[in-house]
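All remarks here apply to the structure that follows.
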Amino acid sequence: MLSKQKDKSAASKDSSPEGVAKKQEDGAGTPKQQLLDIIGDMKVEVSYRKKLQQLKASESKKQAMAKLEGPDSEGSVPQGVTEDTQRGKPLNPELVKAASAVASSLPRNKKQTESELLAQLRRHEETTDEQKKGGIINIRNVISEMTIKRQSPAQRGTRTSRRISLQLDEYDKRLRRERSSALPMDSRRSLKVGKRLNIFTKASTEPEHALKTVSSPTIWDLEFAKEVAAVTAQPPRNGFEEMIQWTKEGILWEFPIDNEVGMEDDAEFHEHIFLEKHLEGFPKEGPIRHFMELVICGLSKNPYLSVKQKVEHIEWFQKYFEEKKELLQEI
Amino acid sequence: MAAAALCWALRAARQVLPSPCPRQVRSYYVDWRMVRDFKRRKMAYEHADERLRINAIRKNAILPKELQEVADKEIAALPRDSCPVRIRNRCVLTSRPRGVKRRWRLSRIVFRHFADHAQMSGVQRAMW
């Protein structure tokens with residue numbers, strides 16, 4: 001592509017003084033064809049040679065100035081313009097004019113081609129600016145703009161197999177290349193795609209949506225269900241199925257181990273410890289109060305009882321002492 | 001104590017397990033003494049809280065003694081089988097009252113039998 005451009009530039013330089021008349025005579029047949037070929041083959045260039053680009057830029061500027069002065073040279077202008085578009089430095093108004101001229105010269109949809117050319121110019125400008133600044137070219141941005149040719153995995157498989165069937169010398173290289181090329185693609189594709197397995201998160205038990213029309217299953221239904229389960233239950237084929245069965249029966253714990261299985265105490269710690277509010281039914285002084293405060297102290301240190309059980313405990317004592325009130329008053 | 005009673009209840013259940021298991025399923029108690037022991041355990045579980053609370057009133061230096069005497073009478077009025085002292089840790093398989101290892105709830109003879117047939121997990125003949 002670069003050599004082609006250089007030739008073109010040389011040719012255009014040579015032909016610029018002479019070839020105006022010649023090109024007009026030819027009817028811009030061959031240069032137009034060449035132009036069309038170039039436009040068809042136009043690709044985004046990512047070259048890292050600053051000096052070459054600068055040279056081309058200066059050349060393109062000169063050529064643009066030279067060619068635009070020649071009003072009749074349609075053939076030469078598009079040539080220069082293609083070179084400009086291919087090298088494309090600043091989006092000069094000259095280039096814009098050139099692009100519009102090219103678009104008009106082509107038989108196809110003029111506005112579309114013009115817009116495409118301008119887009120290409122802009123891309124070039126971005127890349128060259130970044131190179132000038134010394135920044136890393138974000139290839140992803142460039143690639144994202146382009147449409148990715150997506151091969152089906154079958155095709156990809158056949159491609160790899162074809163490559164593998166080649167000579168043994170290149171076997172390893174190709175495999176490695178395929179693997180290295182395939183892996184990033186796969187990881188990009190399939191890391192965050194797919195259903196969550198909920199292995200390490202507490203699997204939220206979904207509420208049962210299906211409401212039973214019958215309020216409670218009859219005994220016969222239960223018996224039938226038991227029979228069916230007994231008949232269909234196959235003995236475990238391997239250790240994994242045995243472990244699954246044990247987990248269902250409750251012999252084996254569920255992993256990852258949940259320390260709070262079966263413990264559904266929704267109360268906060270302060271409800272366990274600060275139990276003085278339950279002592280309102282008792283007299284504020286005297287041995288009974290003393291006794292109950294000790295009871296509460298003991299309960300607050302008890303991690304095994306639930307809040308409900310502790311409250312029941314205190315209420316039992318309250319009831320007991322109320323029954324014995326007469327006796328207490330005698331004392 | 002409560003857990004033991006529950007385990008005994010499960011063991012004596014007459015339900016067929018949902019999945020076919022190769023273990024022996026017993027649907028009876030070994031003897032009447034075992035039945036009585038089971039009843040005692042059940043009753044002890046039911047009255048455990050009451051007994052604990054009444055004993056808390058009794059074993060006390062703060063409350064007046066009259067109250068404690070009343071509590072004494074109350075606890076004596078509870079059914080005799082409700083006290084945990086009457087529970088005997090019998091062998092689960094043979095109902096033997098003596099020579100029962102607490103960890104396995106088996107009498108020494110049964111334990112030896114199973115251990116020799118390699119049916120006790122982690123149990124090995126000692127040799128040193």
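Where a number appears in this text, it was derived from the coordinates with a stated rule and is not lab data. These figures come from a predicted structure and were not determined experimentally. No Cβ is skipped: glycine too gets one built from the backbone with ideal geometry, and neighbour counts run over all protein chains shown.
In which sequence would B:ASP116, A:ASP266 go, from the one with the fewest C-beta neighbours within 10 Å to the one with the most?
Details: B:ASP116 11, A:ASP266 7.
Exposure proxy ranking, most exposed first: A:ASP266, B:ASP116.
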Starting at the first residue of the stretch B:45-61, write each ³J(HN,Hα) from the Karplus equation 6.51 cos²θ - 1.76 cosθ + 1.60 with θ = phi - 60°, in whole Hz, x for Gly and Pro. 5, 5, 9, 4, 5, 4, 4, 4, 6, 5, 5, 5, 6, 6, 8, 8, 9
Count, lysine Cα pairs under 22 Å in the stretch A:269-330, 8 or more residues apart or across chains: 13
What is the order of A:VAL96, A:VAL228, A:VAL193, fewest Cβ neighbours within 10 Å to most? A:VAL193, A:VAL228, A:VAL96
Counting other beta carbons within 10 Å of each Cβ, put A:ILE219, A:ILE38 in order, fewest first. A:ILE219, A:ILE38
